[in-house]
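Asker: One structure, pasted below without further comment.
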Amino acid sequence: MTTPAPTQTNKAGLTRNDYKGLPSTLCAGCGHNSIASQIIAACYELDIVPEKLMKFSGIGCSSKSPTYFLNRSFGFNSLHGRMSSIATGALFADPSLRAIGVSGDGDTASIGMGGFKHMVRRNVPMAYIVENNGVYGLTKGQFSATAEVGLNLKHQGTNQYMPVDICMEALASKATFVARSFAGDPKQVKELIKAALSHDGIAVLDIISPCITFNNQENAVHSYTWGKDHEAPLHEISFVPALDEIELPGDFPEGDVREVTMHDGSTVVLKKLEKDYDPTDRGKAFQMLEESERNNLLVTGLIYIDTSRPTLLDTFDLVDTPLNRLTEPDLRPARETMDKINALMF
Amino acid sequence: MTEKIVNNFSLTIATVNGSGSQTANVTLLRALFKMGIPVSGKNLFPSNIQGLPTWYTIRLSRDGFTARRDEAEVVVTLNPASFARDLASVPPGGAFFYADDIKPPIDRKDIAAYPMPVKALARTADVSPSLREYIANMVYVGVVAHVLGIEMEAVKQALSFHFKGKESPVNSNFGVVQAAADWAKQNLTKSDPYFVEPMDKTSGLIMADGNTAAAIGSVYGGVQFAAWYPITPASSLVETLNVYLPQLRKTKDGKATYAVLQAEDELAAIGMTVGAGWGGLRAMTSTSGPGLSLMAEYAGLAYYSETPIVVWDVQRIGPSTGLPTRTAQGDLTETYFLSHGDKQHVLLLPGSVQECFEFGWKAFDLAERLQTPIFVLSDLDLGMNQWMTQPFEYPDTDMDRGKILWEADLEKSNGVWARYKDVDGDGIPWRTVPGNAHPASAWLGRGTGHDENARYSEDSKTWEANMARLKKKYETARTLIPAPVIETARGAKIGIIAYGSTAPAVDEARVLLEQANGPKTAYLRMRALPCTKDVHEFVKKYERIYIVEANRDGQMKQILSMAMPDQAPKFRSACHSDGLPLTAAWVRDAILEQEK
């Protein structure tokens, strides 16, 4: 009889299984399933204790996915376009918890655009993933606000309206972390999720995640084929956890590598590819996005980062104990204050 | 001059919105209160920042009645735009004070007319020219005080309160009041019968508005999170939280045990509130009709996901934008059934400033006990006007945090629990909240169909069983909500049911009915929905039931008719809604008319 191989655990003492969710009910081959796998991998590799992370979503195919990862995390699959507000309120319950949100292009860029932009401008500490496929899936294939002009869809005709660029919207709302990735590039997706989860503030991660049922035609910009043919990474990104020594892959001349130190001491290493790109310059980020659209490119990578801005929770001088652990003596003013308050009335 | 009329008349002051007259009006109200005279003040103001006419009516009632009256025997006007209307409104024998710079003809011989040199006296004030327009209002305070007999000391106390004891503004304002009173003494001869004399009927009482009471009540209820969006007439509720939370709810080292956040709209305000409530915080939002309509979708999610939140609706008249600065009880049916699908909500119906305070804290206990949204329906009249009230009473019960499981509880049960299981037979399940570190603690909240373990389910039987449990929980709610206040009357054949801010009008109307040799009435004031056993019993006892409310459609009558269809033929509506609080005379007449 052979002894079974010891189950591998991470520094939290947990196995990969501890990060899993229920089996996906999305279409086989859906980009969202690939992203859910990368969320599981990223959380495992970051040694996150599942109970210390909250997950949120709105309504739509993408918003179903919190069921498919992190069974041991609290979460809320909320209302269409309203993930931003429920997450904002929930984060006050226990500021020691991290948060990840999964939304779609309909959920974020149409019905939830207002809430999205306000969540961004408040710098709510959450990794905000948009699984962007340009189409409404659960309602069977209508155009979303990120669909490109001229896109033809069965039963829908041709889209006439300009697409919303989620990264542009995030930048315009003063996001402190903006990234774009492609579900067909799982390694980059995982590294960016790790970086987003380590960012202390709003981290908007727009992931082109093809809908294989309704919008995966070769010429559609949210398809696997188009993405693979047009992806232009800004840099090669790798995430180095705090306390780990940064080992650069191979030999690099000075100036070819940028390091961004995150709030928790981890580092995002950006290795230069064709051109140098500075992700701390918002103006250049806008320019880069403009150019990539003009040049028909799917530019991916860390587009913008600012680690200096306080988060929404930082602006409240809250007690150290999580608010949801406070009890009556903390919450109800003492009896003798009542007379004083009455005396303040006329 | 006819016989003296003492402490039993109304005084209306007509000014221009934004001119600072509110300080003067409240000063008169408070001075009268300080003299021991029962008073009530009603601000009739436009939806405008500056320039439109506004009226403030103070009722003095030696008998202690505080409902609005239609008539005002004493009228003061500083506003040329409303002058003709104000003059015409004075009843024969009444008094009319006016700024003498308006100079229109006064063509009435049946009233006492008093000119006031407002501009001339304001010029003598010891203030910068920019404040002169504001301080001019103190001229009418001084003149009216002298002619009616309001004590100068009481005026000074009122000013001192308003300016928080700051000597400079108190002195400059009081200086104008005194100068105006002196001027009146030398130049005016009293020719009207209205007098103010000290009484002792306000000792032990305080003055406050309902929104302030609601906010302070919420602070004592342990509010931890409030998200809101500005809307008249609810804004001052959360703004008042921002005044008292820092005073009452910081730790010794100055850290906050609460967070207040202004949202981008009402959709987000309630969404944040639901997030915080789900997270285990005592969470609230406050709004008015238009905001409430926007909150409908999240209200349904809170109901179905069983998330405790408190929603204050300070009602204004609708539908639609309606009249943003006028009152009504028009959101009752909307709130009762807010959101789509099968559901009914728990409503609290404060009928006084004191109850605004009480329900301020009680609402959180009910929300956490029942794991459901609790709606508190105040209105503009109750929320924004100053009322005499008993002092706020410290909560008489400990906080009820409801059925919540923490790590130690789950260890005891070896992690066995189910989020939506009715283990106690009252329809109320147990919950855990984020931050609970037990590996079996987590669950995924959702507005989609779910089983006892909060897992997504499309199973028909599971759906129906869960909805049946929610209905059972609603039955439990009936046993926990505030009971109605009942006044019986020997030999009464008819009963009155009312709720909310119509209470003062109904109280007085019952006396007026007696004076008119009308029918004897029993009275039940509802303080919550759904109907409790007491309401059913009350209705059964009487031949006819008049349901008094400030809306067009008789919304409480609709709800009660559904709750007890066999009794519905007894119900008669006494409903009326023109944006103003009901008067006792109207209530009396509405009943007498139908009793003919």
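The values are calculated or read from the model by the stated rules, or taken from the named source; none is laboratory data. In this text the structure is predicted, and so the values were computed from the model without any measurement. With ideal geometry, Cβ positions are generated from the backbone for all residues, glycine too; neighbour counts draw on all protein chains shown.
Asker: Restricting the search to the range B:375-394, which residues are hydrophobic (A, V, I, L, M, F, W, C) and within 14 Å of another protein chain (Cβ to nearest Cβ)?
Answerer: Those that are hydrophobic (A, V, I, L, M, F, W, C) and within 14 Å of another protein chain (Cβ to nearest Cβ): B:W387, B:M388, B:F392.
Asker: Name the residue, out of B:E239, B:E264, that is modelled with pLDDT of 95 or more and touching a His at 6+ places or on another chain (Cβ under 6 Å).
Answerer: Among B:E239, B:E264, only B:E264 is modelled with pLDDT of 95 or more and touching a His at 6+ places or on another chain (Cβ under 6 Å).
Asker: If you go through the range B:113-142, how many residues are closer than 12 Å to B:S172 by Cα and in a loop (DSSP other than H, G, I, E, B)?
Answerer: The number of residues fulfilling the criteria is 6.
Asker: Would you be able to tell me the number of residues in the range B:567-586 that are among the aromatic types (F, W, Y) and closer than 25 Å to B:P233 by Cβ?
Answerer: Residues meeting the conditions: 1.
Asker: If I go through the range A:170-201 residue by residue, how many of them are out of contact with any helix residue (DSSP H, G or I) (no Cβ under 7 Å at 6 or more places or on another chain), farther than 20 Å from A:V120 by Cβ and surrounded by fewer than 19 Cβ atoms within 10 Å (Cβ to Cβ)?
Answerer: 1
Asker: Answer yes or no: is there a residue in the range B:483-490 that is of a type in the set (G, A, S) and surrounded by fewer than 19 Cβ atoms within 10 Å (Cβ to Cβ).
Answerer: yes
Asker: A follow-up question, please. Condition first: out of contact with any helix residue (DSSP H, G or I) (no Cβ under 6 Å at 6 or more places or on another chain) and within 14 Å of another protein chain (Cβ to nearest Cβ). Can you find one or more residues in the range A:151-169 that meet it?
Answerer: Within the range A:151-169 (the criterion being out of contact with any helix residue (DSSP H, G or I) (no Cβ under 6 Å at 6 or more places or on another chain) and within 14 Å of another protein chain (Cβ to nearest Cβ)), the answer is no, since none of the residues qualifies.
Asker: How many residues does the range A:311-346 hold that are among the small types (G, A, S) and either buried (at least 18 other Cβ atoms within 10 Å of the Cβ) or on the phi > 0 side of the Ramachandran plot (or both)?
Answerer: Counting residues in the range A:311-346 that are among the small types (G, A, S) and either buried (at least 18 other Cβ atoms within 10 Å of the Cβ) or on the phi > 0 side of the Ramachandran plot (or both) gives 0.
Asker: Identify, please: which residue in the range B:397-421 is under 22 Å from B:E464 (Cβ atoms) and surrounded by fewer than 19 Cβ atoms within 10 Å (Cβ to Cβ) and is, among those, farthest from the other protein chains (Cβ to nearest Cβ)?
Answerer: Per the criteria, the residue is B:K421.
Asker: Can you tell me which residues in the range B:255-314 are in a strand (DSSP E or B), among the aliphatic types (A, V, I, L, M) and either under 29 Å from B:G449 (Cα atoms) or within 11 Å of chain A (Cβ to nearest Cβ) (or both)?
Answerer: B:A256, B:A259, B:V260, B:L261, B:A283, B:M284, B:I309, B:V310, B:V311
Asker: Residues A:N133, A:N123: which one is farther than 30 Å from A:E51 by Cβ and either acidic (D, E) or within 18 Å of the chain's Cα centre (by Cα) (or both)?
Answerer: Residue meeting the stated conditions: A:N133.
Asker: Pull up the range B:229-254, narrow it to residues that are hydroxyl-bearing (S, T, Y) and within 9 Å of another protein chain (Cβ to nearest Cβ), then point me to the one that is surrounded by the most Cβ atoms within 10 Å (Cβ to Cβ).
Answerer: B:Y244
Asker: Here is a follow-up. Residues A:V269, A:V204: which one is part of a strand (DSSP E or B), under 19 Å from A:N123 (Cβ atoms) and among the β-branched types (V, I, T)?
Answerer: Just a single option satisfies the conditions, and that option is A:V204.
Asker: Which ranges mark the helices (runs of 4 or more DSSP H) fully within the range A:1-92 that have 2 or more residues being at the interface with chain B (Cβ under 8 Å from one of its Cβ atoms) and touching a strand residue (DSSP E or B) at 6+ places or on another chain (Cβ under 6 Å)?
Answerer: Filter on the range A:1-92 gives A:83-90.
Asker: Taking helices (runs of 4 or more DSSP H) that fall entirely within the range B:143-228, which contain at least 1 residues that are away from every other protein chain (no Cβ under 14 Å) and over 21 Å from B:M35 (Cα atoms)?
Answerer: B:167-187
Asker: To continue, here is another question. Within the range A:185-193, does at least one residue satisfy the condition of being at pLDDT 95 or above and more than 24 Å from A:I305 (Cβ to Cβ)?
Answerer: no
Asker: Looking only at the range A:272-310, count every residue that is surrounded by fewer than 19 Cβ atoms within 10 Å (Cβ to Cβ) and part of a strand (DSSP E or B) and tell me the total.
Answerer: 1
Asker: Restricting attention to the range A:93-109, which residues are within 11 Å of chain B (Cβ to nearest Cβ) and part of a helix (DSSP H, G or I)?
Answerer: Correct list: empty.
Asker: Pull up the range A:110-122, narrow it to residues that are surrounded by 24 or more Cβ atoms within 10 Å (Cβ to Cβ) and in contact (Cβ under 8 Å) with a residue 60 or more places away in the chain, then point me to the one that is farthest from the other protein chains (Cβ to nearest Cβ).
Answerer: Filtering first and then ranking leaves A:V120.
Asker: Determine whether B:F357 is within 14 Å of chain A (Cβ to nearest Cβ), farther than 30 Å from B:L32 by Cα, touching a residue at least 24 places away in the same chain (Cβ under 8 Å) and among the hydrophobic types (A, V, I, L, M, F, W, C).
Answerer: No, not satisfied.
Table: residues versus (1) of a type outside the set (A, V, I, L, M, F, W, C); (2) at pLDDT 95 or above; (3) assigned to a loop (DSSP other than H, G, I, E, B).
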| position | (1), (2), (3) |
| --- | --- |
| B:T327 | yes, yes, yes |
| B:Q354 | yes, yes, no |
| B:F392 | no, yes, yes |
| B:D426 | yes, yes, yes |
| B:P429 | yes, yes, yes |
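Asker: Out of (1) surrounded by fewer than 24 Cβ atoms within 10 Å (Cβ to Cβ); (2) farther than 21 Å from A:D206 by Cβ, what's the single condition that is false for A:G89?
Answerer: Result: A:G89 fails condition (1) only.
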